[in-house]
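Please read the structure below before turning to the comments.
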Amino acid sequence: MSYKFDFSFLAERWPDFVAGAWLTVQLTVVSIALGLLVGTVCALIRVYGTRWMKAPVGVYVELIRNTPLLVQIFIVYFGLSSLGLKLSAEVSAVIALVVNMGAYTTEIMRAGIQSIQRTQLEAADCLGLTRLQTILHVVLLPAMERVYPALSSQFVLLMLASSITSQISAEELTATANLVQSDTYRSFEVYIIVAMVYLALSFLYRLGFWLIGLVLFARKRKLGTAL
């Protein structure tokens, strides 16, 4: 059995792959930023909040972490539409990805926050830092630094998981691949190209997060030295 690879279609269809990859980047960057915000706030509530605040956050985290992302996307896209709130596939994808990212980030950040020793909080009180200053500089930044590798991995996993949004016709990379292979009938070649693009994106994301970590935590260390 012999198979002849034919990538000639790429000369004509490469703009489609670029557009799909760019939408993937847009979806995931927005989802990561908002998901990190949601997860950080929820983590602070789980550690420092009152009982009535912790309960709904705990339900949210367990509900999202124990259901498939695809089901969550369908609930947002089809469920909200059934209730009269019609959203585009891209907006629905972002909402579902943010909700999913927020739940996983909550647990990662909670672990980091709980690793901060009480003596550091007492030292912050002795220095006269406000509650907000203590949370930002004594709790959040050191906590994030400790769990940053796990956060970075979760961010990359979210980028890869965004391929599921093709199921609601969000025109990201995987949806583009499905369209191209239906036109060209070169499934093997199309998905090889897509796999290579995802590999490249994963490498770029990891490099980007590494550079962000260098800048963010170098600044934190300088601030700690000044204090």
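Across segment 16-28, rounded Karplus estimates of 3J(HN,Hα) from the backbone phi angles (6.51 cos²θ - 1.76 cosθ + 1.60, θ = phi - 60°) give 5, 5, 5, 5, x, 5, 5, 5, 4, 4, 4, 4, 6 Hz, Gly and Pro being marked x. Charge dipole of the chain (Cα centre as origin; +1 on each Lys and Arg Cβ, -1 on each Asp and Glu Cβ, all else neutral): 980 debye, rounded to the nearest 20. Calculated on the alpha-carbon coordinates, the convex hull of segment 101-208 measures out at 111 cubic angstrom per residue. Centre-to-centre separation between the Cα atoms of segment 54-106 and those of segment 14-42: 15 Å. If the segment from ARG206 to LEU85 were pulled out straight at 0.36 nm per residue, it would be longer than the present Cα-Cα gap by 40.0 nm.
Of the Cα atoms belonging to segment 1-128, the radius of gyration and Dmax stand at 21.1, 76 Å. Sorting ILE64, ILE135 by solvent-accessible area of protein heavy atoms yields ILE135, ILE64, largest first, with a 1.4 Å probe. Accessible surface computed residue by residue for the chain, with neighbouring protein chains in place and a 1.4 Å probe, gives 57 Å² per residue. Here segment 9-223 has an Rg and Dmax of 20.1, 69 Å, counting Cα atoms alone. Rounded to whole numbers, the Karplus 3J(HN,Hα) couplings from phi for segment 90-98 are 5, 5, 4, 4, 4, 4, 5, 5, 5 Hz, using 6.51 cos²θ - 1.76 cosθ + 1.60 with θ = phi - 60°, and x at Gly and Pro.
Once you have the Kirkwood Rh of segment 17-75 from its Cα pairs, apply Stokes-Einstein at 10 °C and 1.306 mPa s and quote D in µm²/s. After rounding, the answer is 118 µm²/s. Protection proxy ranking of 140-152, 197-209, 102-114, by the mean of other Cβ atoms within 10 Å over each peptide's residues and highest first, is 102-114, 140-152, 197-209. Nonpolar atom fraction for segment 9-223, defined as the carbon and sulfur part of the 1.4 Å probe accessible area, stands at 69 percent. Each residue of segment 169-183 was assigned a 3J(HN,Hα) from its phi angle through the Karplus expression (A = 6.51, B = -1.76, C = 1.60, θ = phi - 60°), giving 6, 5, 7, 8, 4, 5, 5, 4, 4, 4, 5, 5, 5, 6, 8 Hz with x at Gly and Pro.
The values are calculated or read from the model by the stated rules, or taken from the named source; none is laboratory data. Keep in mind it's a predicted model, so treat the numbers as computed, not measured. Ideal geometry is used to build each Cβ from the backbone, glycine not excepted, and the neighbour counts take in all protein chains shown. These accessible areas exclude ligands, DNA and RNA; they are computed on the full protein's heavy atoms, side chains included. Shrake-Rupley method; radii C 1.70, N 1.55, O 1.52, S 1.80 Å.
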